[in-house]
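Working notes, structure below.
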Amino acid sequence: MKEEENEQASASLLTQRSKEAEFAMPAVEDFFRLVAHRVRARLVNRSSVDIPVRVAGVEVKPLSMVLDDNEYREGSIYSVLRFNPLGLPGMIVLQGTLLGRIVGTMLGEDPDEETRMGGVKALTPVEQKIAHRVCGDLVSEMHDCWPLTPVPRMETDSPASSPRSITSNVRNTEVFAATLDFGPPTNPYGLLCCAVPVHAFRALAGPMVIEKERDPPSVDLTPLMPVEVEMVAQMAKLELTVSALRALAVGDTLDVGSLRSVLIKVNGKTLFEGRPGEVDGHRSVQIQRRL
């Protein structure tokens, strides 16, 4: 009987968390877009090179799924993100390739020249310092852009090549996992994942999240208006094996099927469906419906 009551309590808690996350998601996405915009400005000041930074997506998932994501399996750098006085854990994870590009750029190398950091290894003093600086800049901008008051104190552990301080109970923490994509779309530098506990936003908003869903907290979006977003019209999507991809050569033809519809994405999120066409000799897409 007690076991059944525990299961019911867990299910109720999960439903409550899902409602909280769903309610907070639009504000959280706007928050991370503003943070990405300001991190980009920080990188310009650090390296005198404009490195684009975009929000590729925000998901709600357990922290364990962030740590086990294949995108960050090899050569990644981890820094625990702590929220005080809430006592909640989060995580910042950088792909090794991204850190290599940022290190090279700050040292005056060509930002378009790929720097490889393969395998899990100890960070050099220079890599450690710059990784700590990147995490510190991200946390500083998160603090300045935090959409609710009071703003929690945020601290990061020293970056390491493994998530050493994450225990099993902490891995179950439900987080907003925001993926930041660095570099031009045609020449991506790598990804950074910032995982913020869902409860951090709920705790700051208080009972409004659960009890006043019809009267959501006011969020001033004025600072976000100048932020640039990436819009992509996706005509088709192909899936190829690695062997087929390696066999492609100049002159080969790819069958992309009929072009009756186009998916229009903004920052990686599908918002519209359209119809391809031509206007005054220019390729165009007419928006047919909002998704």
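The values are calculated or read from the model by the stated rules, or taken from the named source; none is laboratory data. Computed from a predicted model, the values in this text were never measured in an experiment. As a convention, Cβ positions derive from the backbone with ideal geometry for all residues, glycine included, and neighbour counts pool all protein chains shown.
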Revision key, fill the gap. Counting only strands (runs of 3 or more DSSP E) wholly inside region 191-291, the ones holding at least 3 residues that are at pLDDT 75 or above and among the basic types (Lys, Arg) are 282-290
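Based on this model, can you work out whether Arg116 counts as charged (D, E, K, R), modelled with pLDDT under 90 and part of a loop (DSSP other than H, G, I, E, B)?
Working: charged (D, E, K, R): yes; modelled with pLDDT under 90: yes; part of a loop (DSSP other than H, G, I, E, B): yes.
Criteria met by Arg116.
Mind checking whether some residue in region 147-157 is closer than 23 Å to Glu74 by Cα, modelled with pLDDT of 80 or more and out of contact with any Gly (no Cβ under 8 Å at 6 or more places or on another chain)?
Residues of region 147-157 that are closer than 23 Å to Glu74 by Cα, as a first pass: 156-157.
Now restrict to residues that are modelled with pLDDT of 80 or more: 156-157.
With out of contact with any Gly (no Cβ under 8 Å at 6 or more places or on another chain) added as a condition, the list becomes 157.
Yes: region 147-157 contains one or more residues that are closer than 23 Å to Glu74 by Cα, modelled with pLDDT of 80 or more and out of contact with any Gly (no Cβ under 8 Å at 6 or more places or on another chain).
Would you check if there is a residue in region 50-64 being touching a residue at least 40 places away in the same chain (Cβ under 8 Å) and part of a helix (DSSP H, G or I)? Break it down into steps so the answer makes sense when it comes.
So the first thing to find is which residues in region 50-64 are touching a residue at least 40 places away in the same chain (Cβ under 8 Å), and the list is 51-64.
Next, from what is left, pick out any that are part of a helix (DSSP H, G or I): 63-64.
Within region 50-64, one or more residues are touching a residue at least 40 places away in the same chain (Cβ under 8 Å) and part of a helix (DSSP H, G or I).
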Check your understanding: If you check Val39, Val28, Val93, which single one turns out to be farther than 19 Å from Val134 by Cα, of a type outside the set (Gly, Ala, Ser), touching a residue at least 60 places away in the same chain (Cβ under 8 Å) and surrounded by 15 or more Cβ atoms within 10 Å (Cβ to Cβ)?
Key -> Val28
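Let me confirm something: among Asp181, Asp137, Asp144, which residue is buried (at least 20 other Cβ atoms within 10 Å of the Cβ) and of a type in the set (D, E, K, R)?
Exactly one residue qualifies, and that residue is Asp181.
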